[in-house]
Amino acid sequence: NTKNNPFVNSLQSNALVSTGINTTIFKPLNERNFLIFQASADINGVFPKLGDIDSKALTLSATGIYGWKTSESNMIGTGIARTYRAGRLIYVPVLLWNKTFNDHWGMELLLPAKGFLRYNFSTSNMLQLGFELEGNQFYTNLPQSKNGEGFIQRGEFKPRIMWDKKITGFLWFNVQAGLRYNYRFDVMNKYDGKEDADRFFTSPMGNPMYVNFSLNFVSP
């Protein structure tokens, strides 16, 4: 009975909020080899009040890559990632491959997280076609659950096309359109719960099309 379900009412009345900080460090070792380290910390949850923010809403992700620069137009690397992109904590091997074929065509891969084929109209105008796996884990109070709390594990697979255009200086315009494929939307009784016994709620959500517009500050 969704009208008398506190969890459903909480989702209907409040947004899934996410805020965080991330960094990328690129370290050349010599003319051929390099290291890349990416790290992020996010606070995710359903917070009706500011005081509802809990340390259990914190998720930490990181990726380490060792790579080879075989030419000015080709970089390849491999490593391991700790990520919540699929909605729950996983450790996966990663493959980095950035390749520029000519003045117009190129590709940027960071598998399995994302991959894009790029077409440059110019240095300030580009089109990309590809996919990205997105998601995270969100904390919420669940009066009906075993522990009085729950963790929403949300993951989406997004095939999409993107257009980026420099407006002026650091300011760029971006528009993207694609499909939001529901990979996972489960609510678990335990942090990083993975077993069926940990599941409080699951939803076979639909897979809608979407369009997104944004303005971004991009360093030269």
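The values are calculated or read from the model by the stated rules, or taken from the named source; none is laboratory data. Note that the structure is a prediction, hence the values are computed from the model and not measured. When we count neighbours, we look across all protein chains shown, and the Cβ atoms used for this are built from the backbone with ideal geometry, even at glycine. Note: areas computed on protein heavy atoms with side chains; ligands, DNA, RNA excluded. Shrake-Rupley method; radii C 1.70, N 1.55, O 1.52, S 1.80 Å.
Observations
- The condition (being among the small types (Gly, Ala, Ser) and part of a loop (DSSP other than H, G, I, E, B)) is satisfied by just one residue among 87, 51, 64, 77: 87.
- Test: residue in segment 13-25 that is open to solvent by less than 70 Å² (accessible area, probe 1.4 Å) and over 30 Å from residue 201 (Cα atoms): yes
- Residues being out of contact with any strand residue (DSSP E or B) (no Cβ under 7 Å at 6 or more places or on another chain), more than 28 Å from residue 199 (Cα to Cα) and without any contact (Cβ under 8 Å) to a residue 40 or more places away in the chain are entirely absent from segment 76-84.
- Test: residue in segment 181-204 that is modelled with pLDDT of 90 or more and aliphatic (A, V, I, L, M): no
- Residue match in segment 172-193 (condition: exposed (fewer than 14 other Cβ atoms within 10 Å of the Cβ) and outside any strand (DSSP E or B)): no
- Some residue of segment 10-23 being of a type outside the set (A, V, I, L, M, F, W, C) and without any contact (Cβ under 8 Å) to a residue 12 or more places away in the chain: yes
Rundown of residues vs (1) surrounded by 18 or more Cβ atoms within 10 Å (Cβ to Cβ); (2) in a strand (DSSP E or B); (3) in contact with a Lys or Arg (Cβ under 6 Å, 6 or more places away or on another chain), yes/no style:
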{"position": "99", "(1), (2), (3)": "no, yes, no"}
{"position": "103", "(1), (2), (3)": "no, no, no"}
{"position": "106", "(1), (2), (3)": "yes, yes, yes"}
{"position": "151", "(1), (2), (3)": "yes, yes, no"}
{"position": "156", "(1), (2), (3)": "yes, yes, yes"}
{"position": "160", "(1), (2), (3)": "yes, yes, no"}
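- Selected residue (only one of 65, 36, 90 is β-branched (Val, Ile, Thr), within 30 Å of residue 149 (Cα to Cα) and open to solvent by less than 60 Å² (accessible area, probe 1.4 Å)): 90
- Residue 27 being farther than 30 Å from residue 182 by Cβ and in contact (Cβ under 8 Å) with a residue 12 or more places away in the chain: no
- In segment 196-204 there is no residue matching the filter, namely being assigned to a loop (DSSP other than H, G, I, E, B), in contact (Cβ under 8 Å) with a residue 40 or more places away in the chain and closer than 27 Å to residue 90 by Cα.
- Residue-level check: of (1) within 25 Å of residue 156 (Cα to Cα); (2) open to solvent by less than 80 Å² (accessible area, probe 1.4 Å); (3) not in a strand (DSSP E or B), residue 56 misses just (2).
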